[in-house]
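Below is one structure, written out as structure tokens, with a few remarks after it.
The numbers here are math on the coordinates, done by the rules we state, and not lab data. Keep in mind that what you see is a predicted model, and the values were worked out from it rather than measured. Cβ atoms come from the backbone with ideal geometry, glycine included; neighbour counts cover every protein chain shown.
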Amino acid sequence: MKRKKKKPIFPLVFLLLVCVGFCIWGAREAATIYFQKLPENVSAIKNVVTRTMEESIPFSEIVIDESEVASGFYYQLLSDGQQLVYKEILQAVRTQAESFYIHTGNTEEFSMVYEYLLYDRPEIFWCTGGTQITSYTDYSEVRPVYICLGEELQQRSAQIEAAANACLAGIAMDAPEYDKIRYIFEYLVNTVDYNLDAPDNQNIYSSLVNRVSVCAGYSRAAQFLLQRLGIECIYAIGTIPQQGPHAWNIVKCNGQYYHMDVTFGDPVFQQGESGVNIPLDSINYGYLCCADSEIYRSHTSEPGIPYPECPSMDLDYYVLNGMFYEGYDSYAMLLNMNQSVYERRPSFSCKFAYYDLYLQAHDDIINNVIPQAAQTLAVNYGLDTVWYTYVEDPMMSVITVYWGY
């Protein structure tokens, strides 16, 4: 019986290994090709989802022209995406929309943009900045809080317009820029009283209609009125050390920027700060068109906001009116103070170039110069009793004496 020869299996095994290897290699290559294409597929899917979202979320069509908002100081600080949100908010709150959608899901970003909008637009007096917001990944639904609506809003708008027109009737549109700025400064100091309990004290209704306000109301009114006169005016924010948040203005006059703080110009505010009985018809001009070197003695601007530099002292009230001293002479000071009495001026002020000079002059002015000038007042006007009071402002290196005739 013949034995059957066993056929060698090596070629078969080899063939199977080759086939398996080829299959594995093919699968690996296929997997590699697939995963290489996956990001493109995901991107395409994402684009479809984004497009669907844009089509399904009822964003309002922006009809505000860029030229209407481009000059806003805070608007210019925003990115393109944030500027879109700015326009969406402005367009909605102008019509007192009950709710609207914006192109951001970041609530902090929204709050900043809304805040910046209100800093740029003092005329939007019916908004507090408060909202109810529902946020999603790429968008939000906003429900603003309004101070007033409908007929009440129309009435308040008419009252504000009437008050603004009454104010602006006192200054010519072609007046020099400095005259316009000084006029608005004096108008607000003379017509508005400082009161922490004033209603609506964060907007122009409080200052222009009710005529009682706080720093926000003063500063927004100044911005509102100066913009009407064609003067660039920024609503600036920061703090007063040991007091808290504060607002003032930065104005542009003859190509230069200057600080202006109407609140600090008000005698009611000064009296509250100093504790001295200051005549209520007086004005502190030290905060009209002042430089960085002066305002930042008492004010601190908000970190992170690049306000324009204000380096010039050329429109400083004391410099313009011969009240700025770079040296001290007791006799010369007495002559100047006596002159204020002869001219029946309600007050006399002297500002010193630096603090050490103020300290050098201080005691002599208080103890010698003012009493001698008071004697001049008594003799010149035949008074048995002389009334005067003085205010020291060491932070600004200023001494002011008020005369009673």
**Q.** Tail beyond 30 Å, pair distance distribution of region 150-321 (Cα, percent)
**A.** 13 percent
Q. Which part of region 347-369 falls in the paramagnetic zone of ALA332, meaning amide N under 15 Å from the point 7 Å along Cα-to-beta-carbon?
A. 350-354, 357-358, 361
(Q) Tell me the Kirkwood radius of the chain: reciprocal of the mean inverse pair distance over distinct alpha-carbon atoms, in Å. (A) 26.0 Å
**Q.** Rounded to 10°, Cα long-axis angle of helix 10-56 versus longest principal axis of the chain
**A.** 30 degrees
Q: Only Lys, Arg, Asp and Glu count, each charged at its Cβ (+1, +1, -1, -1), so figure out the dipole size of region 322-405 about its Cα centre, rounded to 20 debye.
A: 300 debye
Q. So how tilted is helix 215-228 from the main axis of the chain? Cα-based, degrees 0 to 90, rounded to 10.
A. 90 degrees
(Q) Can you give the local net charge around ALA158? Use residues other than it whose beta-carbon is closer than 12 angstrom to its beta-carbon, Lys and Arg +1, Asp and Glu -1. (A) -2
Q) In deg cm²/dmol and to the nearest 500, what is the mean residue ellipticity at 222 nm of the chain if only DSSP H runs of at least 4 residues count, each as -39500 (n - 2.57), divided by the residue total? A) -14500 deg cm²/dmol
Q: Report the one residue of TYR331, VAL276, PRO311 whose Cα lies farthest in the direction of the positive end of the charge dipole of the chain (charges on C-beta: Lys and Arg +1, Asp and Glu -1; origin at the Cα centre).
A: PRO311
Q: With everything on Cα atoms, drop me the angle between helix 330-342 and the longest principal axis of the chain, reported from 0 to 90° to the nearest 10.
A: 80 degrees
Q. Under a Cβ-Cβ cut-off of 12 Å, what is the net charge of the residues other than THR400 that fall near it, where Lys and Arg count +1 and Asp and Glu count -1?
A. 0
Q) If you keep only loop residues by DSSP, which chymotrypsin sites (Phe, Trp or Tyr not before Pro) in region 119-166 have at most 14 other Cβ atoms within 10 Å of their Cβ? A) TYR136
(Q) Principal axis extents for region 231-287, Cα atoms only, whole Å, descending order, please. (A) 38, 26, 12
